[in-house]
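Visitor: After the structure tokens below, expect a handful of questions from me.
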Amino acid sequence: MSGPIVGVIGILLLLLVMLTGMPIAFVFGVLGFLGVIYMIGLQPALNMLALDVWDVFGSYTLTVIPVFLLMGMIAFHSGISQRLYYAGHVMFGRVRGGLAMGTIMACAAFSACCGSSPATAASMGAVSLPEMRRYKYADSLATGCVAAAGTLGILIPPSIAMVIYGIMTENSIGKLFIAGILPGILLTVLYILAVAVMAFIKPDLVGPPAQSSTLKEKATALFSGVGETVIIFALIMGGMFLGYFTPTEAGAAGAAGLLLLAVLRRQLSWKGFVTAVMSSLSSTAMIMLIIAGATIYGHFLSLTQLPIVSATWVLELGWHPYAIVLVILGIYLVGGCFMDSLALLLLTLPIFYPVSQHLGFDPIWFGVLVVVAMEMALITPPVGINVYVIKGVARDVPLQTIFKGIFPFLIAQIVLVLILIFLPQTATYLPSLMK
Amino acid sequence: MIDRIFAVTNSIARYSTVIAGVCLMSIVAVTTLNIIARRFFMSPILGAHEAVEYLGALLISLTLAYNQINKENIRFELMDVLFSARTRVAMESVTSFICAILCLLIAWQCSVYALGLWEAKEVSLTMGIPFFPVIFVVAASFVLLALVLFVESMKAFAEMRK
């Protein structure tokens, strides 16, 4: 049997074994190990196990993951989400649909401290949903807007998805982070426009405007709510942009800065601190185990030569490069409906990344595009994890109502994809200025 | 017997996670102090890079068993809809056993790798710290994870036979 055929069978088996409910990290590891045995024998496969696990666990570059996770968790447990929401509420409350707009702005700001979409959706959902429901916002709009805005967590830096993309494809994590800023801002604006359009077309979706606030109240809410986030974001992104920090250093400095601020302002209890550390450890070990499994599986796929053969095959099709990109995005969108977005990324990158490079695409631009595709996967049924996170916060809202509410924001994401395709500078301009 | 193994693994996993937490905070402290020392005193902390690598490996491996006990490892949840409760338990028993074998193989190979580095007296470049103790901890963590998975497999098997 030829190598590429073995690779295709390997992928089909992977999808099949995932159905058994085996943790995804082990599915990658077990099938990758068996695949390598089939391709080159038992002893090389055994040797590879230790080397791959140690390469991942002992990697300096990957320590960026626990520090950014810790930063996000400290932000969550020290009540930053409440202050950001309050600032958004005070600033936008008087506008039609203003609470939803304020929530989106708050999600974008929270994403600047937190690199995880479910964490962003969970923390902002807990704060904003009761308030929007109190002001008689339709459940579909309220839940849909938080679930969708939560996806900004992996586009606006720091982003765990970009860290994983950077490591799997050996691209600069710092450049990827900086590349996510403009598309992140753009998507925030598109989400707000989506709310405005919905409020215009169906006024009953949004409740009455909130109470007006004085200029002093607005200034206080803005300073106390957004001030610390702006300082931390400027510190970590500025440090990376100017070449002062590595991404791990930026994350550690951000976590230390947030922790210091939270302790000085007495906003973080000991229990909150312990929970933040435990959550960061849990997520880190979960992600790292998947990366280790995917590394073993990636070696198996390389041995089958499937990535190279598929890249050559795609080129021989003679299609327009952007048509191929749209097909890749379509696969992410459909695949994301059935599979966890992290697993999907790790499974597909060994195939799609070489294709994108053969087509001559900028790797940073392609990374941003893939992350936007993952954002779509996070909110599309039936596996959209952000939707389930919001369902956990608003238990009485049916899942179909949340999915219905997602639709306008999905259109906003598609518009962003089109902008990225026709105006790639949106993602590549800022990284080109980096030192 | 199974319950006893479960209690012991649970207890070790809990203490391991406390050490992992200390490792995480140490990474933050070492890295931040290194930035301050480098930017303001023009003198970076010697070996900070290596220390972070070692601490990173420790924090991940020491959390593995805790994560499995708390079912934190993500899996495809469609099986909950597709199969009956009995089939799910049967599959859990088999898949947990297979995962345990993989973990034991990783532990064995990590030990072999660590022994090789010990014999070759391999040390880190800046601080001259040997690699092998950390890799032994990684190996031990995979043994613990294998035990947790083995217990889960046995429990599922017992439930299936009820």
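The values are calculated or read from the model by the stated rules, or taken from the named source; none is laboratory data. Nothing here was measured: the structure is a model prediction, and the numbers come from that model. Neighbour counts run over all protein chains shown; Cβ positions are idealised from the backbone, glycine included. Remember, those area values only see protein heavy atoms, side chains included, never the ligands or the DNA or RNA. Shrake-Rupley method; radii C 1.70, N 1.55, O 1.52, S 1.80 Å.
Visitor: Out of the residues in the range B:80-104 that are surrounded by 13 or more Cβ atoms within 10 Å (Cβ to Cβ) and charged (D, E, K, R), which is nearest to residue B:149 (Cα to Cα)?
Guide: B:92
Visitor: Which of the residues that make up the range B:98-135 are more than 8 Å from chain A (Cβ to nearest Cβ), assigned to a helix (DSSP H, G or I) and closer than 23 Å to residue B:48 by Cβ?
Guide: Matches in the range B:98-135: B:117, B:132, B:133.
Visitor: Okay, next question. Quick one: in the range B:63-75, which of the residues that are hydrophobic (A, V, I, L, M, F, W, C) and open to solvent by less than 30 Å² (accessible area, probe 1.4 Å) is farthest from the other protein chains (Cβ to nearest Cβ)?
Guide: Looking at the filtered set, the residue picked out is B:65.
Visitor: Also, I was wondering about something else. For residue B:57, are the conditions met, namely being at the interface with chain A (Cβ under 7 Å from one of its Cβ atoms), part of a helix (DSSP H, G or I) and touching a residue at least 60 places away in the same chain (Cβ under 8 Å)?
Guide: Working: at the interface with chain A (Cβ under 7 Å from one of its Cβ atoms): yes; part of a helix (DSSP H, G or I): yes; touching a residue at least 60 places away in the same chain (Cβ under 8 Å): yes.
When the stated conditions are applied, residue B:57 passes them.
Visitor: So, one more: Given (1) within 14 Å of another protein chain (Cβ to nearest Cβ); (2) crowded, with 24+ Cβ neighbours inside 10 Å, where does residue A:344 come up short, assuming only one miss?
Guide: (2)
Visitor: Something else about it: Can you tell me which of (1) under 12 Å from residue A:165 (Cβ atoms); (2) touching a residue at least 40 places away in the same chain (Cβ under 8 Å); (3) more than 12 Å from the chain's Cα centre (by Cα) is the one residue A:393 doesn't meet?
Guide: (1)
Visitor: Which of the residues belonging to the range A:347-359 are touching a residue at least 24 places away in the same chain (Cβ under 8 Å), open to solvent by 10 Å² or more (accessible area, probe 1.4 Å) and assigned to a helix (DSSP H, G or I)? Steps first, please.
Guide: First pass over the range A:347-359, keeping only residues touching a residue at least 24 places away in the same chain (Cβ under 8 Å): A:347, A:349-359.
Checking which are open to solvent by 10 Å² or more (accessible area, probe 1.4 Å) leaves us with A:347, A:350-354, A:357-359.
Hits for the range A:347-359 are A:347, A:350, A:351, A:352, A:353, A:354, A:357, A:358.
Visitor: Can you spot a residue in the range A:309-316 that is open to solvent by less than 10 Å² (accessible area, probe 1.4 Å) and more than 14 Å from chain B (Cβ to nearest Cβ)?
Guide: Let us first name the residues in the range A:309-316 that are open to solvent by less than 10 Å² (accessible area, probe 1.4 Å), namely A:311.
Imposing the further condition that a residue be more than 14 Å from chain B (Cβ to nearest Cβ) reduces the set to A:311.
Yes, the conditions are met somewhere in the range A:309-316.
Visitor: If you don't mind, another one. Under the condition of being within 21 Å of the chain's Cα centre (by Cα) and open to solvent by 10 Å² or more (accessible area, probe 1.4 Å), which residue from the range A:288-304 is nearest to the other protein chains (Cβ to nearest Cβ)? Break it down into steps so the answer makes sense when it comes.
Guide: Restricting attention to the range A:288-304, the residues satisfying the condition of being within 21 Å of the chain's Cα centre (by Cα) are A:288-295.
Checking which are open to solvent by 10 Å² or more (accessible area, probe 1.4 Å) leaves us with A:289, A:295.
Numbers: A:289: 7, A:295: 12 Å.
Filtering first and then ranking leaves A:289.
Visitor: Looking for whichever is in contact with a helix residue (DSSP H, G or I) (Cβ under 8 Å, 6 or more places away or on another chain), open to solvent by less than 10 Å² (accessible area, probe 1.4 Å) and at pLDDT 90 or above here; the options are A:281, A:259. Which one fits? Let's see the steps before the verdict.
Guide: Numbers: A:259 fails: open to solvent by less than 10 Å² (accessible area, probe 1.4 Å).
The unique qualifying residue is A:281.
Visitor: Within the range A:153-264, which helices (runs of 4 or more DSSP H) (wholly inside it) include 1 or more residues that are in contact (Cβ under 8 Å) with a residue 24 or more places away in the chain and among the basic types (Lys, Arg)? Before you say what the answer is, go through the steps one by one.
Guide: On the way: elements: A:160-169, A:173-179, A:181-201, A:215-241, A:247-264.
Output list reads A:173-179, A:215-241.
Visitor: Which members of the range A:87-97 meet the condition of being surrounded by fewer than 24 Cβ atoms within 10 Å (Cβ to Cβ) and of a type outside the set (Lys, Arg)? Outline the logic, then answer.
Guide: Our first condition is that a residue be surrounded by fewer than 24 Cβ atoms within 10 Å (Cβ to Cβ); within the range A:87-97, this holds for A:90-96.
Selection gives A:90, A:91, A:92, A:93, A:95.
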